[in-house]
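The values are calculated or read from the model by the stated rules, or taken from the named source; none is laboratory data. Only a predicted model underlies this, so the values are computations on that prediction, with no experimental measurement involved. In this analysis, Cβ positions are derived from the backbone assuming ideal geometry, glycine residues included, and neighbour counts consider all displayed protein chains.
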Amino acid sequence: MKIHEHQAKLLMAARGIPVPRGRVARTVDEAVAAVRPLIEESGNPVVVLKTQIHAGGRGKGAFKEHPDVCGVNVITDGITGGPGAAEEAVRELAKRMLGSTLVTIQTGEEGKKVSRLYVEQGIDIARELYLAVLLDRSASRNIVMASSEGGVEIEKVAEESPEKILRSEIDPAIGLAGFQANELSHGLGMEGEPAKNFVRFVMALADAATELDTDLIEINPLVVTTEGQVIALDAKVAFDDNALYRHPDIADMRDETEEDPAEVAAKNSGLNYIKLDGTIGCLVNGAGLAMATMDTIKHVGGEPANFLDVGGGATADQVTTAFHIITRDPNVKGIFVNIFGGIMRCDVIATGIVEAVKRVGLEVPLVVRLEGTNVDLGRQIIEDSGLEVTNADSLRDGAEKILQLTEHL
């Protein structure tokens, strides 16, 4: 689960991790009202107006409706005109930003509609760095990544200058050790007060990652101010969904408007669904079989449109919901249902398929492979329904048949 930048900074500030002052705004008036207090509290006449969406590249993105406006705007009008001038600049920008669609390198051409902004104090920056704590699944522990190349895409740094990325593995029994934090500080070329502040910062960040069960905490840029402070100028945080039961306060931060509607509907129905870019919809029980199904589709020359695991104990209603989610995807040209009935009974799947088709219709080819518990009953239910269904004898046979039925559509 992802959260917005302003939410991430609230969590960090509560754990003693330095962040700039800021206020979230959902209306133009709220954005304007935030300006003067920030200038007075910080003593800095510069404010920054940021879109709040679950995507990176906001500073380089542009609005569809206003191509001359980007997702992150530094407002310097307060330097010469005072808080009043800054307020008017924020008002004009907020009018164009709220309700508009921001397109960045991570949103794709469709972009994301902006429904909230973050007004933040300006910071006198001396240096920009990159810092992240992320889960390394191959090592089953968190690692710290740091780089002197802050403010740019870390993927580009990794590709062109991998030697500029520092890594330190966190032992879950003791956390990030002091000597590791010092090594990172030294590797980034830090000395004196900034080095001490960085050590405190990175150790607190590592502790927060463990406490909050995060998959990722990324700060880009992490800045060193002209006064030697180390501050998170940006913050991207993602959590392990499986651990959210331990953090109800964080679960409440979920913004479903930022998520794929199909994935939200699947989650609310107890289904595991991830949208992909292919044309063959998959409805499978069991994560392992779902992965094997997608691999087989690709092996025979097709492209799966989704990962959808209905689980081992799905009901007919859940199968109906799953079928409905797949057929809503305009890219789907055919559907492959691959069920091995162990705990899940084939007759339940068959009943769900028949009910789903009656509700939403069937406008694309459908291939069904059923094996296992009550398989004969399941096949009989589908046969008696009168649906135009192609039966498959095996996983490969089903993948080949659905590809043949869809390749000219």
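Observations on the structure shown:
- Near pairs, Cβ below 6 angstrom, 6+ apart or cross-chain, from the stretch 46-58 (more than 15 Å from Ile125 (Cβ to Cβ)) to any residue that is part of a loop (DSSP other than H, G, I, E, B) and not β-branched (Val, Ile, Thr): Thr51/Gly71; Gln52/His4; Gln52/Arg116; Ala55/Gln106; Gly56/Gln106; Gly57/Gln106; Arg58/Gly71
- Only residues that are part of a strand (DSSP E or B) and surrounded by 12 or more Cβ atoms within 10 Å (Cβ to Cβ) were counted across the stretch 168-180, and they come to 3.
- Residue match in the stretch 154-162 (condition: under 18 Å from the mean Cα position of the chain (by Cα) and either surrounded by fewer than 17 Cβ atoms within 10 Å (Cβ to Cβ) or under 24 Å from Lys9 (Cα atoms) (or both)): yes
- Residue satisfying all of: in the stretch 323-351; buried (at least 24 other Cβ atoms within 10 Å of the Cβ) and of a type outside the set (A, V, I, L, M); nearest to Glu407 (Cα to Cα) among these: Phe336
- Answer from Ser385, Ser394 - the residue that is over 16 Å from Leu283 (Cα atoms), of a type in the set (Ser, Thr, Tyr) and in the same structural domain as Thr296 (by TED's automatic domain parsing): Ser385
- Residues of the stretch 114-141 satisfying the condition of being surrounded by 14 or more Cβ atoms within 10 Å (Cβ to Cβ), of a type outside the set (A, V, I, L, M, F, W, C) and either free of Cβ contacts under 8 Å to residues at least 24 places away in the same chain or in contact with a helix residue (DSSP H, G or I) (Cβ under 6 Å, 6 or more places away or on another chain) (or both): Tyr118, Gln121, Tyr130
- Pairs, first at positive phi and touching a residue at least 12 places away in the same chain (Cβ under 8 Å) in the stretch 224-244, second aliphatic (A, V, I, L, M) and in a strand (DSSP E or B), C-beta under 9 Å, six or more apart: Gly228/Ala126
- When residues of the stretch 382-409 are limited to those that are among the charged types (D, E, K, R) and part of a helix (DSSP H, G or I), the one surrounded by the fewest Cβ atoms within 10 Å (Cβ to Cβ): Asp384
- For the stretch 269-381, the strands (runs of 3 or more DSSP E) that sit wholly inside it and include 1 or more residues that are within 28 Å of Asp241 (Cα to Cα) are 272-275, 280-284, 306-309, 334-341.
- Scanning the stretch 142-152 turns up no residue that is under 19 Å from the mean Cα position of the chain (by Cα) and part of a helix (DSSP H, G or I).
- Subset of the stretch 204-258 that is touching a Gly at 6+ places or on another chain (Cβ under 9 Å) and in a strand (DSSP E or B) - its residue that is nearest to Ile3 (Cα to Cα): Lys236
- Tally of residues being surrounded by fewer than 18 Cβ atoms within 10 Å (Cβ to Cβ) and assigned to a helix (DSSP H, G or I) across the stretch 8-48: 10
- Screening Ile105 on (1) part of a strand (DSSP E or B); (2) of a type in the set (Val, Ile, Thr); (3) surrounded by fewer than 18 Cβ atoms within 10 Å (Cβ to Cβ) shows it passes everything except condition (1).
- Selection within the stretch 108-135 - more than 23 Å from the chain's Cα centre (by Cα) and not in a strand (DSSP E or B): Gly122, Ile123, Asp124
- Taking the criterion of being of a type in the set (D, E, K, R) and either without any contact (Cβ under 8 Å) to a residue 24 or more places away in the chain or not assigned by TED's automatic domain parsing to the domain that holds Tyr130 (or both), the residues of the stretch 154-199 that qualify are Glu155, Lys156, Glu159, Glu160, Glu163, Lys164, Glu183, Glu191, Lys196.
- Members of the stretch 358-374 found to be surrounded by fewer than 18 Cβ atoms within 10 Å (Cβ to Cβ) and out of contact with any Lys or Arg (no Cβ under 7 Å at 6 or more places or on another chain), listed by number: Lys358, Arg359, Val360, Gly361, Leu362, Glu363, Glu371, Gly372
- Boolean, Lys112 is within 30 Å of Pro67 (Cα to Cα), of a type outside the set (A, V, I, L, M, F, W, C) and modelled with pLDDT under 95: yes
- Residue within the stretch 17-39 that is over 30 Å from Asp249 (Cβ atoms) and either among the aliphatic types (A, V, I, L, M) or at pLDDT below 95 (or both) present: yes
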